[in-house]
Amino acid sequence: MNPQYIEKRSFEIITEIIQKEYPDKKIPKEQQNIVKRVIHTTADFEYLDTLCFCNDAINRGKQALKKGISIVTDTQMVKSGINKKTIERLGGEVYCFMSDNDVSEQSKKHNTTRAFASMDKASQMQKELIFAIGNAPTALIRLYELIQQKKIVTPALIIAVPVGFVNVVQSKELILSLDVPCIVAKGRKGGSNVAAAICNALLYEVIAEK
């Protein structure tokens with residue numbers, strides 16, 4: 001079977017399962033593509049309840065992508081998972097600074113994680129960005145601090161979906177407390193694949209609307 005058929009059939013099955021097993025779950029129309037793509041990526045229907053969309057996140061994210069705004073991620077895996085041809089077609093790029101020598105040096109100098117230091121480097125770009133954080137809660141914590149300190153341009157969208165146990169829930173709650181557009185996977189679940197899936201869902205919608 002070809003990949004297009006497999007994906008199409010997978011989404012049909014997801015829709016059927018939601019209708020049959022979660023009949024009371026009403027997903028707003030504008031959220032459906034994102035929620036279903038995350039479930040397609042994870043086979044986890046808990047995201048029906050844990051994905052939160054705040055401050056006109058979907059519309060603001062799509063409008064940003066239409067303007068050619070770029071995405072900053074916290075892992076090479078997220079960067080690899082985002083459809084490069086699609087974002088480049090819109091005029092944007094995907095950045096991940098985790099492997100940069102200056103980020104490594106700063107993290108050692110200040111005894112922080114590289115994810116933490118990578119947000120400092122992102123702040124030096126001094127332009128509106130989308131942040132897709134799928135692994136490191138320390139990236140979210142630093143992003144929160146930089147926004148509070150007005151050292152970073154207010155993001156067009158924050159996708160906050162790190163996975164794990166230490167500071168994961170708390171870092172997501174910090175982002176939810178900000179007055180910025182955000183898509184957050186509440187709780188411990190998430191991951192780089194989830195962050196990439198959300199980015200791609202937005203990108204595909206933008207292309208479909210052009």
Exercise. Which value at 222 nm does the chain reach when only helices count, each DSSP H run of 4 or more adding -39,500 (n - 2.57), with the total divided by all residues and rounded to the nearest 500 deg cm²/dmol?
Worked result: -16500 deg cm²/dmol
For this session: From zero up to wherever the largest Cα-Cα distance of the range 61-210 sits, split into 10 Å bins and tell me the percent of pairs in each.
Result: 13, 45, 36, 7, 0
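Find the eigenvalues of the gyration tensor of the Cα atoms of the range 1-126, then list the square roots of 5 times those eigenvalues as equivalent ellipsoid semi-axes, largest first, in whole angstrom. Could the numbers behind the result be given before it?
Values: eigenvalues 223, 59, 52 Å².
Here the semi-axes work out to 33, 17, 16 Å.
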For this session: On a 0 to 90° scale, report how tilted helix 57-66 is relative to the longest principal axis of the chain, with both axes built from alpha carbons and the result rounded to the nearest 10.
Result: 80
For this session: Among the aspartates and glutamates, select those whose C-alpha is under 14 Å from the C-alpha of Lys79, and discard any that sit fewer than 8 residues away in the same chain.
Result: Glu88, Glu93
For this session: Using DSSP to define loop residues, name the trypsin sites (Lys or Arg not before Pro) in the range 92-133 whose beta-carbon has at most 12 other beta-carbon atoms within 10 Å.
Result: Lys127
Exercise. How about the range 74-179: which GluC sites (Glu not before Pro) there are in a DSSP loop, with at most 16 other Cβ atoms within 10 Å of their Cβ?
Worked result: Glu93, Glu128
Exercise. In whole Å, what is the distance between the alpha-carbon centres of the range 178-210 and the range 12-33?
Worked result: 17
Seminar exercise, completed: Residue by residue through the range 71-82, the couplings from Karplus 6.51 cos²θ - 1.76 cosθ + 1.60 with θ = phi - 60°, in Hz, x for Gly and Pro, are 10, 10, 10, 9, 8, 5, 5, 5, 4, 5, x, 7
Seminar exercise, completed: With every protein chain kept in place and a 1.4 Å probe, the residues Phe165, Phe45 fall, from largest accessible area down, as Phe165, Phe45
Seminar exercise, completed: Per GNM of the chain with C-alpha springs under 10 angstrom, the most fluctuating residue out of Phe53, Phe11, Phe131 is Phe11
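Going down the list Lys62/Lys127; Lys108/Lys186; Lys108/Lys150; Lys121/Lys186; Lys84/Lys151, which pairs span over 21 Å between their C-alpha atoms? Don't jump to the answer; show the numbers that get you there.
On the way: Lys62/Lys127 17 Å; Lys108/Lys186 30 Å; Lys108/Lys150 25 Å; Lys121/Lys186 27 Å; Lys84/Lys151 28 Å.
The answer is Lys108/Lys186; Lys108/Lys150; Lys121/Lys186; Lys84/Lys151.
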Exercise. For the chain, modelled as a Gaussian network with Cα springs under 10 Å, which listed residue fluctuates most, Ala115, Ala196, Ala64?
Worked result: Ala64
For this session: Quick one: what are the phi-derived ³J(HN,Hα) couplings along the range 15-31, Karplus 6.51/-1.76/1.60 with θ = phi - 60°, whole Hz, x for glycine and proline?
Result: 4, 5, 5, 4, 5, 7, 9, 10, x, 8, 7, 10, 8, x, 3, 5, 8
Problem set entry | Set of aspartates and glutamates with alpha-carbon distance to Lys36 below 18 Å, sequence-local pairs under 8 removed | Glu7, Glu12, Glu16, Glu21, Asp24, Asp44, Glu46, Asp49, Glu205
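The values are calculated or read from the model by the stated rules, or taken from the named source; none is laboratory data. The structure presented is a predicted model; accordingly, all values stated were derived computationally and were not measured. Here Cβ is always computed from backbone atoms with ideal geometry, including for glycine, and neighbour counts include all displayed protein chains. The area values use the complete protein model at the heavy-atom level, side chains included, leaving out ligands, DNA and RNA. Shrake-Rupley method; radii C 1.70, N 1.55, O 1.52, S 1.80 Å.
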